[in-house]
Amino acid sequence: MNDFSNMLSNAKKMQERMKEVQESIKKIEVEGTSGGNLVKVILGGDYEMRSIYIDPKTKDEKDEIINDLIVAAYNDAKGKLKKKTSEEILKATGIPNLPFDFKIPF
């Protein structure tokens with residue numbers, strides 16, 4: 001029975017730590033770029049776009065190209081954010097590849 005109590009205690013500690021990590025991850029910001037820095041996107045840890053910059057040099061480009069640059073910059077930022085959140089979760093838990101929104105089921 002003592003082992004089960006220890007297991008529950010450890011699970012609760014991990015759950016509390018994951019809540020702390022989730023809050024700190026929300027404060028992270030990463031920058032994604034595309035087109036040689038023609039487009040920059042800032043994403044928050046919650047994957048919400050915080051800002052976007054489109055260089056005035058793109059004014060002569062077709063809308064399709066600008067749209068592609070925006071998508072590429074967002075995807076670049078998303079990849080960086082995934083890496084950064086994974087690193088934060090690994091530091092906190094020692095468990096690689098846990099999803100950002102992982103919840104212990106009790």
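Observations on the model:
- Filter pass, LYS13 being modelled with pLDDT under 95, under 27 Å from LYS91 (Cβ atoms), more than 21 Å from the chain's Cα centre (by Cα) and of a type in the set (D, E, K, R): yes
- Residues within the range 21-58 that are over 15 Å from the mean Cα position of the chain (by Cα) and either of a type in the set (D, E, K, R) or in a helix (DSSP H, G or I) (or both), tallied: 5
- Residue check, ASP46 surrounded by 13 or more Cβ atoms within 10 Å (Cβ to Cβ), of a type outside the set (A, V, I, L, M, F, W, C) and modelled with pLDDT of 95 or more: no
- Qualifying residue in the range 19-31 (condition: modelled with pLDDT of 90 or more, under 20 Å from LYS82 (Cβ atoms), crowded, with 19+ Cβ neighbours inside 10 Å and not acidic (Asp, Glu)): yes
- The range 1-16 residues that are free of Cβ contacts under 8 Å to residues at least 40 places away in the same chain, paired with ones that are in a helix (DSSP H, G or I) (beta carbon under 6 Å, 6 or more apart): none
The values are calculated or read from the model by the stated rules, or taken from the named source; none is laboratory data. Just so it is clear, the structure is predicted and the values come from calculations on it, not from any experiment. With ideal geometry, Cβ positions are generated from the backbone for all residues, glycine too; neighbour counts draw on all protein chains shown.
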